[in-house]
1. Only one of (1) under 27 Å from Gln702 (Cβ atoms); (2) more than 26 Å from the chain's Cα centre (by Cα); (3) not in a helix (DSSP H, G or I) is not met by Ala493, so which one is it?
2. So which of Gly676, Gly685 ends up being farther than 25 Å from Trp85 by Cα and not basic (Lys, Arg)?
3. Quick one: would you say Leu480 is modelled with pLDDT under 90 and out of contact with any Leu (no Cβ under 6 Å at 6 or more places or on another chain)?
4. Working only within segment 206-234, note down all residues that are in a loop (DSSP other than H, G, I, E, B) and within 26 Å of Phe195 (Cα to Cα).
5. Hey, does segment 447-465 have a residue that's farther than 27 Å from Leu302 by Cα, at pLDDT below 90, of a type outside the set (Val, Ile, Thr) and surrounded by fewer than 23 Cβ atoms within 10 Å (Cβ to Cβ)?
6. Do we have Gly590 as over 25 Å from Pro539 (Cα atoms), free of Cβ contacts under 8 Å to residues at least 60 places away in the same chain and not in a helix (DSSP H, G or I) here?
Amino acid sequence: MRSRRDSLAWLLPALVAAAAFSAFLPALHNQLLCWDDAGSLIDNPNYRGLGWTQIKWMFSPAAAMCNGHYIPLTWLTWGLDYVLWGMAPFGYHLSNLLLHGANAVLFFFVSRRLLMLAAPGSAEVEGTGLGIAAAFSAIVFSLHPLRVESVAWAVERKDVLSGLFYLSTVFAYLRSCECDDKAARRRWLCASIAFFALALLSKITGLAIPVVLVVLDIYPLRRLPGVPAQWVSARARPVLLEKIPFLVLSALAAGMGAWLVRRAGGVFSLAEVGIPERFALTVFAPSFYLWKTVVPVHLAPLYERPYPLDVLSWPFLLSGLFVGGFSAIAYRLRQRFPSVLAVWLIYLVMLAPVSGFVTNGPQLAADRYTYLSCLGWAVLGGAGFLQGWRAAGARWKRVFLPAAGALAVVLALLTWRQTGIWHDDERLWGYVLSIYPGSCIAHYNLGVELGKRGEVAEAVKHYKETVRIRPIYAPAHNNLGAALFADGRNAEAVAEYRLALRAAPMLPYVHRNLGVALQRLRATGEAIEQYREAVRLDPSYADARNLLAGAVGGQGRDDEALARLREELRLKPQSSGAHYNLGLALHQRGRTAEAIAEYREALRLKPRNVDARNNLGVALLSTGRAAEAVDQQREALRANPNYPYAHYSLGLALQGLGKTAEAMEQFQQALNLKPGYAEAQFGLGDCLDALKRPAEALTHYQAALRINPGFALARERVARGQRTGP
């Protein structure tokens, strides 16, 4: 009997892990998405690897600003993914699935302990029923389609990783509470504190753990009385003192989060979202997520907050009534059903940081916020299963298992389907629009994806729909302007950029874009003012500074343009960046020898300045010194192997030396790192032309033209290829 029980104890979590992994298998075929995956993974070379340079960046404030969260442990796992898989999406999704499977197993053991504590002294607790009930809890958690966003979206690695350490924190804490030996108890408690620190370094969502542990101390651990006034007793004080390390870590994490929010400027002010609206969002979240837990249909990556938000509309009024009513009922029945009140309190405190009172995005709600907050409902489901199992006769027990199996199958099928929706940006946002046609964010993101593929007309349609729904959405006006500009409709582009700045006048890149469009319309004076404003808003904006210098020089004021850059150098004589910017300006004016001297000085001051190294190679190549250019580009790639522009420039230099096959390898490397690199596509076409493979060359020229419809040389080559044929 004992051996059968032991084998069952390991068989059940293994089956749970296999089920969790299997339900999410479609994720292994998913791509990395432009939505957040781009900024964190696709276009970010800083995390790629596990060298000292990458690790130092992962723990720096710059990494926190990149993702909006201080998540160094999550960055480490992405760095490991890159070492193992490069930029192949399969590896990133596989890691997410493995972590989620591990969470399912860990939750099985956490749930088993909680159920055992909630039903002490039962003979059934030691038998099959407890294990099956814990497996039921783990299945409800791990197979539920609300988990899809956290598992199938690569950038949400932080959810599954922090979940692993959150569950480890609770498991170690429960083990510490059941130890009679003081040394063993201390070890488990220290392990719990360490796991909590790791959870916070993965994502700060779990910062409410101190409150969660206090609730568990009340029920089911029964280490604290249910009345807080009695916590000053000699018996209760040590239990509370244990929480001090957790509180300190939680306070540090909260402080870091507040600092990040201030730095990023992403939180809406009270003028933008008032107190009544924040309370409405706060009471909406618990009812919404509980409803989606019970009826998991029409799940979406973004439930968009309405503009304006009517706090007296029925969804918010009903949510307020539900939260208030459920709280009152759970408190009233606390003696008879203490587990319901405990789960409800944990649910509320875990949702508090993301419930909407601190409003920092367009979302009304997000499925990923349920990954930790809804764990208690799964345990409660297991408790209900266990009670039914204990009360039922043999015949009913034969019904219980098939019913639980049927529920698991339904959840798995819903999850399988939902996971496939996250395959790529077009499928994801097309699905959102099929269920929420009025989502301006979905229209915007679909426009971004279509624009990347060169489908400018379709992108314009979606951007126009975005600004129709939300007229003051600056990014949509900016992207609509960029699409119109790429289509040669410069006056319309200027109008859209001005609308973007009316909505958000502090965006330097919009000022820069407006300046470029004005220059195309020969309104150089106005363009100069826009470049100056971009530089004023962001003094480190090198592209805007160079465009400003170029525009001033284009008006016959080369001396003034260069004087601005030399003045910057006078103020910062030891600045590698200042020498680099002057080198760029001189290079643009054809003063290549002087530019080379400035690039060399920039590199003397900062040898790992890969931009300066790359541009030095370009300048050397323009003077016919291809061999020296190759040396510089290889040095740049030693400093940063993931720098697509250096791969492209090295390809050009190798072409100049007649090494066509090697040049093609470099162009392909550039494309692997930056799939939308039109010049690299053109370079491949040029190499294939040199190898007398015109049909293949034409394919790459066409690809370059799709990415950049304004690429004149690519258009000429496509026209030539279409005239002559293969």
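1. Among (1) under 27 Å from Gln702 (Cβ atoms); (2) more than 26 Å from the chain's Cα centre (by Cα); (3) not in a helix (DSSP H, G or I), Ala493 violates only (3).
2. On the way: Gly676 fails: farther than 25 Å from Trp85 by Cα.
One residue alone meets the criteria, Gly685.
3. Details: modelled with pLDDT under 90: no; out of contact with any Leu (no Cβ under 6 Å at 6 or more places or on another chain): yes.
No: the conditions fail for Leu480.
4. First, the residues of segment 206-234 that are in a loop (DSSP other than H, G, I, E, B): 219-227, 233-234.
Tyr219, Pro220, Leu221, Arg222, Arg223, Leu224 - these are the residues of segment 206-234 that are in a loop (DSSP other than H, G, I, E, B) and within 26 Å of Phe195 (Cα to Cα).
5. Within segment 447-465, not a single residue is farther than 27 Å from Leu302 by Cα, at pLDDT below 90, of a type outside the set (Val, Ile, Thr) and surrounded by fewer than 23 Cβ atoms within 10 Å (Cβ to Cβ).
6. Answer is yes for this residue.
Yes/no matrix, rows are residues, columns are (1) polar (S, T, N, Q); (2) in a helix (DSSP H, G or I); (3) not assigned by TED's automatic domain parsing to the domain that holds Cys179:
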{"site": "Cys34", "(1), (2), (3)": "no, no, no"}
{"site": "Ser40", "(1), (2), (3)": "yes, yes, no"}
{"site": "Asn46", "(1), (2), (3)": "yes, no, no"}
{"site": "Met87", "(1), (2), (3)": "no, no, no"}
{"site": "Phe90", "(1), (2), (3)": "no, yes, no"}
{"site": "Leu99", "(1), (2), (3)": "no, yes, no"}
{"site": "Ala104", "(1), (2), (3)": "no, yes, no"}
{"site": "Arg113", "(1), (2), (3)": "no, yes, no"}
{"site": "Leu117", "(1), (2), (3)": "no, yes, no"}
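Here's the yes/no breakdown for (1) modelled with pLDDT of 95 or more; (2) buried (at least 20 other Cβ atoms within 10 Å of the Cβ); (3) more than 36 Å from the chain's Cα centre (by Cα); (4) farther than 30 Å from Ser142 by Cα:
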residue: Leu213; (1), (2), (3), (4): yes, yes, no, no
residue: Leu224; (1), (2), (3), (4): no, yes, yes, yes
residue: Ser233; (1), (2), (3), (4): no, no, yes, yes
residue: Phe246; (1), (2), (3), (4): yes, yes, no, no
residue: Arg263; (1), (2), (3), (4): no, no, no, yes
residue: Leu270; (1), (2), (3), (4): no, no, no, yes
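The values are calculated or read from the model by the stated rules, or taken from the named source; none is laboratory data. Only a predicted model underlies this, so the values are computations on that prediction, with no experimental measurement involved. Quick reminder, even Gly has a Cβ in these numbers, built from the backbone with ideal geometry, and neighbours come from all protein chains shown.
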